[in-house]
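Accompanying notes for the structure given below.
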Amino acid sequence: MAGTVAEIRDRARRDADAVLSLHWEDKPMPVDPVTIARDLGLEVFSAQLGDDVFGMLVGSTAGADIYLDKDQAPARFRFTCAHEIGHYVDQTSKLSPEEAYVDKRSDDTRGEPAEVYANEFAGSLLMPQSEMAACVQAGMDDFAMAAHFDVSLQALRYRRTLVAV
């Protein structure tokens, strides 16, 4: 289900909020995407995926598995896991066994609807808008907020450009 970029991002935010309310309600920050993935029935593996792959979602007869490149920085590892959860939530009804979404380190697929959705979902899952607003209200700067959410400074700053807080 495509749409405009704004519509795709809105849907991703709503879906991330729904996942958070079901799987992270009243738990402290930072959100643990591996815990959420497992709550959703996904297996999560850390593996050597090569120089050009951050992560992948692979369909299986039991549902799906997430593979994350073990050589990523911790904040990037968390974002990649949340991104793969986004692919799962977005494509769960269409994901067949052995089908895969492979997220490469290039920008080749950056503007594709599935990637826009997964990136927005990941940002919304790891940095919920209501929590971001609370951080801004408390006077936290970008460095403190990035530490609070356990994300990179770049991810935090990008999310702030998309979300009104």
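The values are calculated or read from the model by the stated rules, or taken from the named source; none is laboratory data. Here the structure is a predicted model, which means the values were calculated and not measured. Glycine gets a Cβ as well: all are built from the backbone with ideal geometry, and neighbour counts include every protein chain shown. Heads up: the accessible areas ignore ligands, DNA and RNA and are worked out on the full protein's heavy atoms, side chains in. Shrake-Rupley method; radii C 1.70, N 1.55, O 1.52, S 1.80 Å.
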key: Cβ charges +1 (Lys, Arg) and -1 (Asp, Glu), total dipole of the chain, debye   = 360 debye
Cβ-based charge dipole, the chain, positive-most Cα from Val151, Phe77, Val34 = Val151
query = Under a plain spin-label model, where a point goes 7 Å from the Cα along Cα-to-Cβ, how far apart in nm are Arg160 and Ala47?
reply = 3.8 nm
note = Taking protein heavy atoms only, a 1.4 Å probe, and rounding to whole percent, the accessible area of the chain owed to carbon and sulfur comes out at 52 percent
query = Per Stokes-Einstein, at 4 °C and 1.567 mPa s, what whole-number D in µm² s⁻¹ belongs to the range 20-59, with the Kirkwood radius over Cα pairs as the hydrodynamic radius?
reply = 108 µm²/s
inquiry  = Residue by residue through the range 9-19, what is 3J(HN,Hα) from phi via Karplus (6.51 cos²θ - 1.76 cosθ + 1.60, θ = phi - 60°)? Round to whole Hz and write x for glycine and proline.
reply    = 5, 4, 5, 4, 5, 4, 5, 5, 4, 5, 5
ask   = Taking only protein heavy atoms and a 1.4 Å probe, what accessible area per residue, in Å², does the range 1-99 have with all protein chains in place?
value = 51 Å²
message = I'd like to compare 113-122, 29-38: which one has the highest average count of other Cβ atoms within 10 Å, and what's the full order after that?
response = 113-122, 29-38
key: Extension reserve of the Ala114-Val136 stretch, reckoned as 0.36 nm per residue once the Cα distance is removed   = 4.9 nm
request  = Could you list which residues have their amide H under 5 Å from that of Phe54, counting only those 5 or more apart in sequence or on another chain, with H placed in the peptide plane?
outcome  = Asp103, Lys104, Arg105
ask   = Can you give me the Cα centroid spacing of the range 5-56 and the range 107-165 in angstrom?
value = 13 Å
message = Ratio of alpha-carbon Rg to the 2.2 N^0.38 Å globular estimate for the range 108-165, to two decimals, please.
response = 1.15
